[in-house]
């Protein structure tokens, strides 16, 4: 069975605030699982965000939140890092 994480656990794992995790849930960058009244995130969702895999074909979860189309994200990364990955 896949591990389910609380919003607080996800925030700590990613090194971001609880507010940011809630924003990612609201904008569908993370998918939630409801257990009763609790909002939990599957470990696979956390791994997808870490790898920056798309939630939908042609979209990047993290780049979408920054307003950068997925196809341009690699180009922007190279510009930011001076052409080094």
message = Given bins 10 angstrom wide, list per bin the percent of all Cα-Cα distances in segment 1-51, short to long.
response = 27, 65, 8
ask   = Could you put 24, 1 in order, starting from the residue whose Cβ has the fewest other Cβ atoms within 10 Å?
value = 1, 24
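Bear in mind these aren't lab numbers, they're just calculated from the coordinates by the rules spelled out. The model shown is predicted, which means the values in this text are computed figures rather than measured ones. Don't worry about glycine lacking a Cβ; one is built from the backbone with ideal geometry, like all the others, and counts go over all protein chains shown.
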